[in-house]
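Here the structure is laid out as structure tokens; the discussion comes afterwards.
The values are calculated or read from the model by the stated rules, or taken from the named source; none is laboratory data. What you are looking at is a predicted structure, and each value in this text was computed from that prediction instead of being measured. Cβ: placed from backbone, ideal geometry, glycine included. Neighbour counts: every protein chain shown.
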Amino acid sequence: MDRPTPTRPRRWLRRLAVAAVVVAVACGVLTQVGTRVSTAVGAEGVGDGTFPVVELAGLGSRGAGFARLTAELESRGVVVLDFDPDRTGTQALTYEPEAGIDVPTLAVRTVAPAVRAALVRAGLDPRTQRVDVVAHSMGGLLMRYLVEHPVDDWATRVDDLVMVGTPNRGSRVVGWETQAGPFAALGDDMAPGSDFLEALGTREPSGQTYTTVGGDPWFLRWYPGGFDDQVPSRSPFLTGAANNTRPHLHGRLLPSDTVVDLVVRTLAAR
């Protein structure tokens, strides 16, 4: 009689050992890659946390991602401007663009008047009051346009500008998503190499204080330079600014503890 061979137990043990190795390696990779972040420091302006804060949302956002940041700033006594007094709590500046509008027009016709109105509601002078701005995604381009063009002297009115996931160097994904719809002009402006982005440039202007944050989740690092599912990780970066990355998707950057902490430190809201 032939002896039974122990192939099945050996295969089972081998598979178990391989699985254990894979899990161990995966855990190590996740730990090391998932926590890789840049060490740039927020660029503090001339303020000391006493300026009111404008929270400016991205295209299509209802501003919910600002909730944790708003709560943290207000707990420290910082005034966060409310852009919808009809809703409970402090609301970020959101917008519903009309069809065919471009970034410059949206900035001048919608964003600037909304900030002035919020300052008036807060009992502040809309012509002279300085503000800090935290902008997500396209919101950063809207505010950059106001600051970097002679529009109501925003260049002297904005102390710190923090841009989270802003496609300062463009995003093909955002352009594709909006190309065939009513927001085609906005998508064209955000496409890499667009006339709008070329005019803005990729440098922090003299006299301005910019901080940028890009999303760099480990599982999208197959994309050259990283990707946050909407914007390349380093697309927010500007020469001369304090540039950072955090390991989160585009929509998860704002609520993350590390970004909230970075913003609080940048605005010197102690």
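Among the helices (runs of 4 or more DSSP H) confined to the range 166-236, the ones with at least 3 residues that are under 17 Å from Leu146 (Cα atoms) and free of Cβ contacts under 8 Å to residues at least 60 places away in the same chain are located at 195-200.
Given the criteria hydrophobic (A, V, I, L, M, F, W, C), in a helix (DSSP H, G or I) and modelled with pLDDT of 65 or more, does Val111 qualify?
Considered against the rule, which asks whether it is hydrophobic (A, V, I, L, M, F, W, C), in a helix (DSSP H, G or I) and modelled with pLDDT of 65 or more, Val111 comes out as yes.
The one condition from (1) over 24 Å from Leu200 (Cβ atoms); (2) touching an Asp or Glu at 6+ places or on another chain (Cβ under 8 Å) that Ala92 does not meet is (1). The number of residues in the range 124-165 that are of a type outside the set (Gly, Ala, Ser), in contact with a strand residue (DSSP E or B) (Cβ under 7 Å, 6 or more places away or on another chain) and not in a strand (DSSP E or B) comes to 5.
Taken together, the residues in the range 135-175 that are crowded, with 24+ Cβ neighbours inside 10 Å, of a type in the set (Val, Ile, Thr) and under 24 Å from Thr70 (Cβ atoms) amount to 3. How many residues are of a type in the set (Ser, Thr, Tyr) and buried (at least 16 other Cβ atoms within 10 Å of the Cβ) if we restrict to the range 111-134? The total comes to 0.
Do we have any residue at all in the range 196-203 that's small (Gly, Ala, Ser) and touching a strand residue (DSSP E or B) at 6+ places or on another chain (Cβ under 7 Å)? Checked the range 196-203: no residue is small (Gly, Ala, Ser) and touching a strand residue (DSSP E or B) at 6+ places or on another chain (Cβ under 7 Å). Just name the residue that is surrounded by the most Cβ atoms within 10 Å (Cβ to Cβ) out of those in the range 187-218 that are farther than 17 Å from Pro236 by Cβ and under 19 Å from the mean Cα position of the chain (by Cα). For the range 187-218, the residue satisfying everything is Gly187. Checked against (1) crowded, with 17+ Cβ neighbours inside 10 Å; (2) touching a strand residue (DSSP E or B) at 6+ places or on another chain (Cβ under 9 Å); (3) among the hydrophobic types (A, V, I, L, M, F, W, C), Val260 passes all but a single condition, namely (2). When the range 62-81 is filtered for residues that are in contact with a Gly (Cβ under 8 Å, 6 or more places away or on another chain), part of a loop (DSSP other than H, G, I, E, B) and crowded, with 18+ Cβ neighbours inside 10 Å, only Val78 remains. Of the residues making up the range 62-92, just one is under 14 Å from Val263 (Cα atoms) and aromatic (Phe, Trp, Tyr), namely Phe66. Looking across the range 237-252, the residues that are in a loop (DSSP other than H, G, I, E, B) and in contact with a strand residue (DSSP E or B) (Cβ under 7 Å, 6 or more places away or on another chain) come down to Phe237, Leu238, Gly240, Ala241, His248, Leu249.
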